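The values are calculated or read from the model by the stated rules, or taken from the named source; none is laboratory data. None of these values were measured; they are calculated from a predicted model. Positions of Cβ are generated from backbone atoms using ideal geometry, with glycine treated the same way; all protein chains shown enter the neighbour counts. Ligands, DNA and RNA are excluded from the accessible area calculation, which covers all protein heavy atoms including side chains. Shrake-Rupley method; radii C 1.70, N 1.55, O 1.52, S 1.80 Å.
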Amino acid sequence: FSCNLSDLLCSFLGLLYQEYRDKSTREEIETRRLQDSQTDPEETSPCEETPSEAEPTSTIENKAPPQINLLRNSNSRFNLWQDLPEVQSSGVLSILQPDEIKLQEAMFELVTSEASYYKSLNLLVSHFMENERLKKILHQSEAHILFSNVLDVMAVSKRFLLDLEQRVEENIVISDVCDIVYQHTVNHFSVYITYVSNQTYQERAYKQLLQDKPAFREVISHLELDPKCKGLSFSSFLILPFQRITRLKLLVQNILKKVEEKSDRESTALDAHKELETVVKACNEGVRKMSRTEQMISIQKKLEFKIKSVPIISHSRWLLKQGELQQMNGPKTSRTLRTKKLFREIYLFLFNDLLVICRQIPGDKYQVFDSAPRGLLRVEELEDQGQSLANVFILRLLENADDREASYMLKASSQSEMKRWMISLAPNRRTKFVSFTSRLVDCPQIQCVHPYVAQQPDELSLELADVLNILDKTDDGWIFGERLHDQERGWFPSSMGEEILNPKIRAQNLKECFRVHKSDDSQRRKLGSRNRQ
């Protein structure tokens, strides 16, 4: 390899990271569709057939194959490790086991995707951030909020990429990459937490600049039209670091699924994955922290207490769900009563540790008339008793604001809204497909084929190719799911995904999930549902 390997690798790819990532996830979706349609998902593809006289992987090290000149032809568009001319001419494909070839591909993808990511970061800096017209329009503080510490992020990516490339240079058969991932995550990836934690400010500043400064809007539009950007928006470049750190964790998971069990490479991959998960969680918390604090202050201002006041703002409290429900009049009203005023409106604010029950009053205010710790809530669905009592459930407060038990009969606007409230109020109750206290042996699964951005706190944002266990579903088109790669739970429209019908593929997905998370499984069980909400 030459000393300009980074530049050559970027030209070799020919793709910005946004394109690379989209292409990769689309291929993942199509592969899973193909597997799901097969009667025997364990059949191997032609390129993965085991040679008749396969030799152990260890013999490769003894034969010391030639180094790859990965980028001899910078106009090439290789996507796979096994498509490289040096790999094909070396004869290693006839020696390596199919599982090792899959592992090589997984490690190679981590390297090439980092090169593509670095190329996109470089464009963000050189094309947008350093544009002279944009510099004159933006105040220094505005530029700082908009671009944050992207120069630090780019420097970290460059250092990471150089170490990865050096490893690829060492041998045509890549020994490992997860040890490099581990070292860089521990020592350098904290810059991602700083960048991503600024995301809320960044989005707000960008919207404000577009609204208040026509010159800014004009320059950004002009820069976006440059062929270098390939039709991609400025905002798609700004969110690259958060997308990358999340994707990097998935790439390590993919490697982890393919390494031999109880091997040094498995141990290294588990260590790298654990550190990446820590960084990703810190990024998520950083994003949530500011918006949650602002939201809690806003809610506190709207509440007037008819009962003893409860302090709402707390550093450990956040909103899970809010909204209007219909309450049946009278504490002991007969379920068969039919009157015009059968129900009256109430408004609920559900926090991670507290429920506040209110009535809306003039001036966009809410009068609180009851409350209870979230852990002392129980829900019960009523059997269908006609149209007026459809989507009705019982909410029991084991200990309310008056230190006594109280019950409310509540009606939701739809079946999905009723189920969403019930699961939010009592997250550990059994759902349609699985008990939360049992292991998931086999339940329905779905893969995301359309990205989705959560609109409510109890919803789950989805990325292309996400695989989820379906824990519950409604007749009006909503699914409550748990994403396999991070155990995050939430609701999303069923139209966003395709159900995985092949039981062998579902079992394989679960097995891989348990393997990836086995090192922190005991800790996850202790944390329970707190991290899922």
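Select from the range 298-329 the residues that are under 27 Å from the mean Cα position of the chain (by Cα) and either in a loop (DSSP other than H, G, I, E, B) or over 27 Å from LYS419 (Cβ atoms) (or both) and list them in ascending order.
Answer for the range 298-329, where residues must be under 27 Å from the mean Cα position of the chain (by Cα) and either in a loop (DSSP other than H, G, I, E, B) or over 27 Å from LYS419 (Cβ atoms) (or both): SER314, HIS315, SER316, ARG317, TRP318.
Kindly indicate the residue of the range 310-329 that is open to solvent by 30 Å² or more (accessible area, probe 1.4 Å) and in contact with a strand residue (DSSP E or B) (Cβ under 8 Å, 6 or more places away or on another chain) and also modelled with the lowest pLDDT among those meeting that condition.
The qualifying residue modelled with the lowest pLDDT is ASN329.
List the pairs whose first member sits in the range 1-29 and is surrounded by fewer than 16 Cβ atoms within 10 Å (Cβ to Cβ), whose second member is among the basic types (Lys, Arg) and at pLDDT below 80, and whose Cβ atoms are under 7 Å apart, counting only residues at least 6 apart or on separate chains?
These pairs meet every condition: GLY14/ARG77.
If I filter the range 276-289 for residues that are assigned to a helix (DSSP H, G or I), modelled with pLDDT under 95, more than 16 Å from the chain's Cα centre (by Cα) and surrounded by fewer than 20 Cβ atoms within 10 Å (Cβ to Cβ), do I get at least one hit?
So far as the range 276-289 goes, yes, one or more of its residues are assigned to a helix (DSSP H, G or I), modelled with pLDDT under 95, more than 16 Å from the chain's Cα centre (by Cα) and surrounded by fewer than 20 Cβ atoms within 10 Å (Cβ to Cβ).
Determine if the range 179-193 includes at least one residue that is in contact with a Lys or Arg (Cβ under 7 Å, 6 or more places away or on another chain), more than 22 Å from LEU250 (Cβ to Cβ) and at pLDDT 95 or above.
There is no residue in the range 179-193 that is in contact with a Lys or Arg (Cβ under 7 Å, 6 or more places away or on another chain), more than 22 Å from LEU250 (Cβ to Cβ) and at pLDDT 95 or above.
Within the range 154-254, which helices (runs of 4 or more DSSP H) (wholly inside it) include 3 or more residues that are assigned by the TED database to the domain that holds GLU105 and exposed (fewer than 14 other Cβ atoms within 10 Å of the Cβ)?
The qualifying helices (runs of 4 or more DSSP H) are 199-212, 214-224.
Tally up the residues in the range 127-145 that are in a helix (DSSP H, G or I) and acidic (Asp, Glu), please.
Total meeting the criteria: 2.
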